[in-house]
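Since the structure comes first, as structure tokens, the remarks are kept for the end.
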Amino acid sequence: AGATARPGGSGGMGVAVAEASAGAQGTAVLEAPAPAPAAGAAADAAAAADAAWPGLSVRQGVAIWGNPALYRRCLRMFVAEYAHSARDMANAAPQAAAFLAHKLKGAAGNLALPEVRAHCEAAEAAFKAGRSAAAELAALQAALDTAVASIGRYTAGD
């Protein structure tokens, strides 16, 4: 069984609820509301801080989840569940691969992994259009590798 984690409260802030769920194929489902965009100097400072973790927007992720410890735990769950998703998509039938790309896109968006999310969107579109997704999957795996390395550094010591 996988885990479902949803932040509580308004605007993505508050205590999160984690509950066991069977989910499709026993996978983790991570859902959170979209954060409000940052503005001006605060956005510049956030971008500089996030540069330490390529592929990972820590400020946005903490804003979504409202609890840094919970966010780190969900990031570790993401790595355990999705680190090899591009390979899994490459070995799946097109419809199943599109489903996995869509699911990974949602998890990546909710965890503030913008490059992974963007490459998932491209892969999903390729699968749905019935064309080869080889280039999209290579780019997705590179984005996943970057995000996984950043998550490892960000969550080190937990």
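The values are calculated or read from the model by the stated rules, or taken from the named source; none is laboratory data. Since this is a predicted model, take the numbers as computed values, not measurements. Neighbour counts run over all protein chains shown; Cβ positions are idealised from the backbone, glycine included. Note: areas computed on protein heavy atoms with side chains; ligands, DNA, RNA excluded. Shrake-Rupley method; radii C 1.70, N 1.55, O 1.52, S 1.80 Å.
Within segment 105-126, restricting attention to residues that are touching an Asp or Glu at 6+ places or on another chain (Cβ under 9 Å) and among the aliphatic types (A, V, I, L, M), the residue that is surrounded by the most Cβ atoms within 10 Å (Cβ to Cβ) is A123. Screening R117 on (1) part of a loop (DSSP other than H, G, I, E, B); (2) touching a helix residue (DSSP H, G or I) at 6+ places or on another chain (Cβ under 7 Å) shows it passes everything except condition (1). Scanning segment 122-145 for residues that are closer than 19 Å to G61 by Cβ and either of a type in the set (A, V, I, L, M, F, W, C) or within 12 Å of the chain's Cα centre (by Cα) (or both) returns A143, L144. All conditions in (1) at pLDDT 80 or above; (2) among the hydrophobic types (A, V, I, L, M, F, W, C); (3) surrounded by 15 or more Cβ atoms within 10 Å (Cβ to Cβ) hold for L30, with the sole exception of (1). Looking at segment 69-92, which of its residues are open to solvent by 10 Å² or more (accessible area, probe 1.4 Å), part of a helix (DSSP H, G or I) and in contact (Cβ under 8 Å) with a residue 60 or more places away in the chain? Of everything in segment 69-92, those that are open to solvent by 10 Å² or more (accessible area, probe 1.4 Å), part of a helix (DSSP H, G or I) and in contact (Cβ under 8 Å) with a residue 60 or more places away in the chain turn out to be A69, L70, R72, R73, R76, M77, V79, E81. Filter segment 127-158 for residues that are in contact (Cβ under 8 Å) with a residue 60 or more places away in the chain and of a type in the set (D, E, K, R); which is most open to solvent (accessible area, probe 1.4 Å)? It comes out as R153.
Residues in segment 110-131 that are of a type in the set (D, E, K, R) and closer than 21 Å to A52 by Cα: E115, R117.
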